[in-house]
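Shown next, in structure tokens, is the structure this report addresses.
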Amino acid sequence: MTVRRVQVTDFRCLHQADLDLDPQFTLISGPNASGKTSLLEAIYVLGRGRSFRTRRIDHLVRAGAQRLIVFGEVEKAHRSVGLGIEGSASGFRAKIGGERVSSLAELAAALPVQIIDPEIHRLIEEGPSRRRRFLDWGVFHVEPGFVATWQKYTLVLRQRNAVLKAAQSSSMVSAWDGELIRHGELLTEARMRYVERLAPVADSLASKLLGMKLALTYRSGWARDLSLREALDRSRRQDQELGATQVGPQRADLSIRLDGLPARDRISRGQQKLLAAVLLLAQINLFPEECAVRPMLLLDDPAAELDLGRLAALIREVRAQSLQLVVTTLHEELDELSAFGTPGRRYRLDAGSIREE
């Protein structure tokens, strides 16, 4: 099932936007600064509870407005389910089917959404936190118990760090180690299983789009020749000096190598964008077929920084996925975009105002 309708109110430059989305392909065109990326951002927030551009929800509220609202209708199991978010300087709340959600994971389950935008190269270029979020979104959708494990580990880690920050005794710190190790090992095992499944799919796509051999390896966040317990024991003095736990899944990373060398050190910005797109498409490829809602892919100005050959190859791989696609472009008549096929819905944005064409 798919997202049938999206309504956006007072989100960045958008005062009001109401769109009926095609189950397959919706195209949104408009000049720079017209609100195209903001519209995709609103859809992304509806499915993630967070923006891909800022951590501050209140920064998304249109200037002069008090709050933002994004509402979506998702077709699921032959019925329509409403998703809604409201954000303001005083906080953020979300509802599914009229009921308040207790966790943002509920939004992700109801509307699985990914975005390929001009800044996607940051997944390759920047630090481990982005890659951990990328991994955890994928694991969440294939391992039902993952979110509970992640939440428990995060809670115990926060409590252990509070003890460390308060400079309490070593025995007080050790009191949290058992639970931290138990949940940390489960979290690590789930991530490792996922990377083992993701790696061959991503390698196949990288061969097609980049002509290079891609190797993905999960780095657990501590020395590979140690258990988590041993790593915590060795790190205890440093933990106490710094007031925070220095080893564990919160320090994990995804190693990305092309033709045997670190990807970040050997490819251009355009290639980084294409490599990051490879990872997202591989992730969508692993999405469970039995899921009631198909994943949605937001593609923001796909022609940016890609030559015609790579753009055509990317479009072919996107079309091979089972997903709902929303694409923005500066030029709706761009011949290269015709490879996506004919849009089922077409909209034009100008200065924050939207109309269907």
Of the conditions (1) on the phi < 0 side of the Ramachandran plot; (2) surrounded by fewer than 17 Cβ atoms within 10 Å (Cβ to Cβ); (3) not in a helix (DSSP H, G or I), the single one that S129 does not satisfy is (3)
Considering only region 216-246, state which residues are among the aliphatic types (A, V, I, L, M), surrounded by 14 or more Cβ atoms within 10 Å (Cβ to Cβ) and part of a loop (DSSP other than H, G, I, E, B).
L226, A244
Could you please tell me which pairs satisfy a Cβ distance under 8 Å, a separation of 6+ or placement on different chains, a first residue in region 336-353 that is in a helix (DSSP H, G or I), and a second residue that is of a type in the set (S, T, N, Q)?
L337/T329
Pairing a residue in region 156-180 that is assigned to a helix (DSSP H, G or I) with any residue that is of a type in the set (F, W, Y) and crowded, with 18+ Cβ neighbours inside 10 Å, where Cβ atoms lie under 9 Å and the two sit 6 or more apart in sequence or on different chains, gives V156/W176; L157/W176; Q159/W176; R160/W176; V163/W176; E179/Y153; L180/Y153
Give the number of residues within region 299-327 that are part of a helix (DSSP H, G or I) and under 15 Å from I284 (Cα atoms).
6
Scope region 28-66; condition crowded, with 20+ Cβ neighbours inside 10 Å and of a type in the set (K, R); matching residues
K36, R48
Does region 284-297 include one or more residues that are buried (at least 22 other Cβ atoms within 10 Å of the Cβ), hydrophobic (A, V, I, L, M, F, W, C) and in a strand (DSSP E or B)?
yes
Whether any residue in region 133-152 is basic (K, R) and either farther than 23 Å from F287 by Cα or crowded, with 22+ Cβ neighbours inside 10 Å (or both) is what I want to check.
yes
With the requirement that a residue be in a strand (DSSP E or B) and either within 18 Å of E41 (Cα to Cα) or at pLDDT 95 or above (or both), what does region 62-81 give you?
R67, L68, I69, V70, F71, G72, E73, V74
Any residue at all in region 339-351 that's of a type in the set (F, W, Y) and at pLDDT 90 or above?
yes
Looking at G178, G138, can you tell me which residue is under 30 Å from P295 (Cα atoms) and of a type in the set (G, A, S)?
G138
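Residue-by-condition table, conditions (1) farther than 30 Å from F11 by Cβ; (2) not assigned by TED's automatic domain parsing to the domain that holds E196:
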| site | (1), (2) |
| --- | --- |
| R264 | yes, no |
| Q271 | yes, no |
| D300 | no, yes |
| R316 | yes, yes |
| L330 | no, yes |
| D350 | no, yes |
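The values are calculated or read from the model by the stated rules, or taken from the named source; none is laboratory data. Because the structure is a prediction, the values reported are computed rather than measured. Every residue, glycine as well, gets a Cβ built from its backbone with ideal geometry; the counts of neighbours run over all protein chains shown.
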